[in-house]
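Structure, as structure tokens:
The values are calculated or read from the model by the stated rules, or taken from the named source; none is laboratory data. Keep in mind that this is a model prediction, so the values were computed, not measured. Positions of Cβ are generated from backbone atoms using ideal geometry, with glycine treated the same way; all protein chains shown enter the neighbour counts.
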Amino acid sequence: MTVDIATSVGQEALELLNHLGVHSSAYSGGNLNVHTPLTGEVIAQVATINADDATEAIATAHAAFLQWRIVPAPKRGEMVRLLGEELRCALPVLGRLVTIETGKLLSEGFGEVQEMIDICTFAAGLSRQLTGLTIPSERVGHRMMETWHPLGVVGIISAFNFPVAVWAWNAALALVCGNAIVWKPSEKTPLTALAVQAIFTRAAAKAGGVPPGLSALLIGDSSIGQQLVDSPLVPLLSATGSTAMGRAVGPRLAARFARGILELGGNNAAIVCPSADLGLALRAIAFSAMGTAGQRCTTLRRLIVHESVYEALIAQLKSVYASVVIGDPRDAGTLVGPLIDERSFRAMQAALDEARSGGATVTGGERVSSKDLPHAFYVRPALVEVSAQTGAVKRETFAPILYVMKYTNFADALALHNDVPQGLSSAIFTLNMREAEEFLSATGSDCGIANVNIGTSGAEIGGAFGGEKETGGGRESGSDAWKQYMRRATNTINYGTALPLAQGVSFDID
Ligand code: UN1
């Protein structure tokens, strides 16, 4: 099989950037080569920022924060609503640019921008609901309450695979909460970041009253990320990436008592029970395991199947894996686009070799390329049948590899499910309510996301997103994730004339 890329991807990317209002000086003649995974060619050269410029941008963002925090929250929400409106207009163009820069399917590129719009809608509504509690006081003539205040500059470090949606999760909440934002995107995806910054600038101009530098974009290497990690002007850093990155970032944040929202590696599993609707499970597994070429944090990486349905399900999966269309993600029939780069391809092959030498049976996983595209890495997704959960099965390899295991007892399946260092997303396929409820209970899945009869990926923005264990413990997006972006104050007000002390303590100076 070969992959055929007809039109010039580079030319298309430049047209999209131009359409989105990014000036050509931002993406030509710079020192950072930007490759498209569709062909592997260099499509732009972006200038990176130096340490002094980054320091200045953080200081300017702090100054902007001091003004933004006194803008009433619903007015801040109006700005975010306008950001959502700009994104709505930009959706087809920005979505296409996401596809060209990351290799995800067009519908996934559009979906990513939709996710940005959705969080803006959520945050705009939230701007009128940043509510605290009124708490009964134990003292006569006293009232207690809780208030939520803006925090400061929020640093955002994002990964290549969701280059703009994860920024939006953080940006939309941080902004309505009264904070400034400073963003270091992945070096692999600066073009979509430039486009989003241009969109933000338009929304801010429409809103009016937005202080300059409220949202800064810092394109640079990991040293720029480290500046965000270490800056005393950044009280909260939200970082998405590998567990190794989180291990480096976490202690440095802790050393200066800064907050971190860490969204790190996942090793997500699904259990398929005897009563499962196998047709539905098959579709869910296919999307979760092969979608985005296995490059989501939430990608399904382990499948734990009851022995009674194992043969039937694996046979069907094998035929789906063998026939799935791999190719140009801009084409309507394609379901699997390219891996981001050669490094990712090598990591996939290394994991498959390790599994093979451990006795696993590997179906698929080979490179699917044309002679004309030596620098693009298209692969057939791999199904790997293993008898034990060891070695590579316990690691996250950011590629479309699905390890398949058989189980006999439900308790063993649950134990296997939880016996990995990561804890992001999980799913069970069953029509048995006891199994479903146990999976969701305190003794069930140990992940931040646990689903019934849907796959592990493709979460909506309304819920809190994040996971446990080596996934880092952070929560972004919906529910009450906004609280992390604010400073909580507990207030006690004495409206009486006496001064009773709490816990009945007496301290009489007369
Ligand atoms: C990620 O891969 O970092 O739930 C985010 C999902 C998407 C977000 C993934 N909504 O798959």
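Given the conditions (1) out of contact with any Asp or Glu (no Cβ under 8 Å at 6 or more places or on another chain); (2) within 23 Å of Gly109 (Cα to Cα); (3) small (Gly, Ala, Ser), which single one is not true for Gly265?
The number of the failed condition is (1).
Glu476 - would you say it is crowded, with 18+ Cβ neighbours inside 10 Å, over 28 Å from Asp118 (Cα atoms) and not basic (Lys, Arg)? Break it down into steps so the answer makes sense when it comes.
Working: crowded, with 18+ Cβ neighbours inside 10 Å: yes; over 28 Å from Asp118 (Cα atoms): no; not basic (Lys, Arg): yes.
Considered against the rule, which asks whether it is crowded, with 18+ Cβ neighbours inside 10 Å, over 28 Å from Asp118 (Cα atoms) and not basic (Lys, Arg), Glu476 comes out as no.
Taking region 181-203 as the region of interest, how many residues are within 12 Å of the ligand (Cβ to nearest atom) and in contact with an Asp or Glu (Cβ under 9 Å, 6 or more places away or on another chain)? Full working, then the answer.
Residues of region 181-203 within 12 Å of the ligand (Cβ to nearest atom): 186.
From what's left, in contact with an Asp or Glu (Cβ under 9 Å, 6 or more places away or on another chain): none.
The number of residues fulfilling the criteria is 0.
Show the residue pairs meeting these rules: Cβ distance below 7 Å; 6+ apart or different chains; first residue within region 94-106 and not assigned by TED's automatic domain parsing to the domain that holds Leu38; second residue modelled with pLDDT under 95.
Partner pairs satisfying both residue conditions: none exist.
Considering only residues that are over 27 Å from the mean Cα position of the chain (by Cα) and aliphatic (A, V, I, L, M), look in region 365-398 and name the one that is surrounded by the most Cβ atoms within 10 Å (Cβ to Cβ).
Across region 365-398, the extreme among qualifying residues is Val386.
Residues being in contact (Cβ under 8 Å) with a residue 24 or more places away in the chain and assigned to a helix (DSSP H, G or I): count how many of those fall in region 308-342.
Qualifying residue count for the region: 13.
Restrict the check to region 437-452 and report whether at least one residue is away from the ligand (no atom under 16 Å from the Cβ), surrounded by 22 or more Cβ atoms within 10 Å (Cβ to Cβ) and not in a loop (DSSP other than H, G, I, E, B).
Yes, region 437-452 has at least one match.
Among the residues of region 181-219, how many are over 20 Å from the mean Cα position of the chain (by Cα) and either at pLDDT below 95 or not in a helix (DSSP H, G or I) (or both)?
Matching residues across region 181-219 total 7.
Within region 116-144, how many residues are within 24 Å of Ala174 (Cβ to Cβ) and touching a residue at least 24 places away in the same chain (Cβ under 8 Å)?
Residues of region 116-144 within 24 Å of Ala174 (Cβ to Cβ): 116-133.
Next cut, touching a residue at least 24 places away in the same chain (Cβ under 8 Å) only: 116-128, 130, 132.
Residues in region 116-144 being within 24 Å of Ala174 (Cβ to Cβ) and touching a residue at least 24 places away in the same chain (Cβ under 8 Å): 15 in total.
Tell me which residues, restricted to region 158-180, are within 12 Å of the ligand (Cβ to nearest atom) and aliphatic (A, V, I, L, M).
Scanning region 158-180 gives Ala159, Val164, Ala165, Val166, Ala168.
So, restricting to helices (runs of 4 or more DSSP H) that lie completely within region 32-143, which ones have at least 3 residues that are within 16 Å of the ligand (Cβ to nearest atom)? Give the derivation first.
On the way: elements: 51-68, 73-102, 106-126.
In region 32-143, 73-102, 106-126 are the helices (runs of 4 or more DSSP H) which contain 3 or more residues that are within 16 Å of the ligand (Cβ to nearest atom).
Can you say whether Val22 is of a type in the set (A, V, I, L, M), part of a strand (DSSP E or B) and closer than 28 Å to Leu228 by Cα, as far as the supplied structure shows? Walk me through it before giving the result.
On the way: of a type in the set (A, V, I, L, M): yes; part of a strand (DSSP E or B): no; closer than 28 Å to Leu228 by Cα: yes.
Judged against the criteria, Val22 is not a match.
Among the residues that make up region 219-235, is at least one of them within 21 Å of Ile119 (Cα to Cα), in contact (Cβ under 8 Å) with a residue 12 or more places away in the chain and crowded, with 19+ Cβ neighbours inside 10 Å?
At the first step, the residues of region 219-235 found to be within 21 Å of Ile119 (Cα to Cα) are none.
No, region 219-235 contains no residue that is within 21 Å of Ile119 (Cα to Cα), in contact (Cβ under 8 Å) with a residue 12 or more places away in the chain and crowded, with 19+ Cβ neighbours inside 10 Å.
Just one of the numbered conditions (1) under 20 Å from the mean Cα position of the chain (by Cα); (2) within 16 Å of the ligand (Cβ to nearest atom); (3) within 20 Å of Gln295 (Cα to Cα) is not true of Pro421; which one?
Only one criterion is unmet by Pro421, namely (2).
Being touching a helix residue (DSSP H, G or I) at 6+ places or on another chain (Cβ under 8 Å) and on the phi > 0 side of the Ramachandran plot narrows it down to one of Gly208, Gly152, so name that one. Give the steps one after another, and end with the answer.
Details: Gly208 fails: touching a helix residue (DSSP H, G or I) at 6+ places or on another chain (Cβ under 8 Å).
Going through Gly208, Gly152 in turn, just one is touching a helix residue (DSSP H, G or I) at 6+ places or on another chain (Cβ under 8 Å) and on the phi > 0 side of the Ramachandran plot: Gly152.
Looking at (1) closer than 29 Å to Thr243 by Cβ; (2) touching a helix residue (DSSP H, G or I) at 6+ places or on another chain (Cβ under 8 Å); (3) crowded, with 24+ Cβ neighbours inside 10 Å, can you tell me which one Val176 breaks?
(1)
Only residues that are away from the ligand (no atom under 12 Å from the Cβ) and of a type in the set (D, E, K, R): list them for region 453-469, please.
Glu468, Lys469
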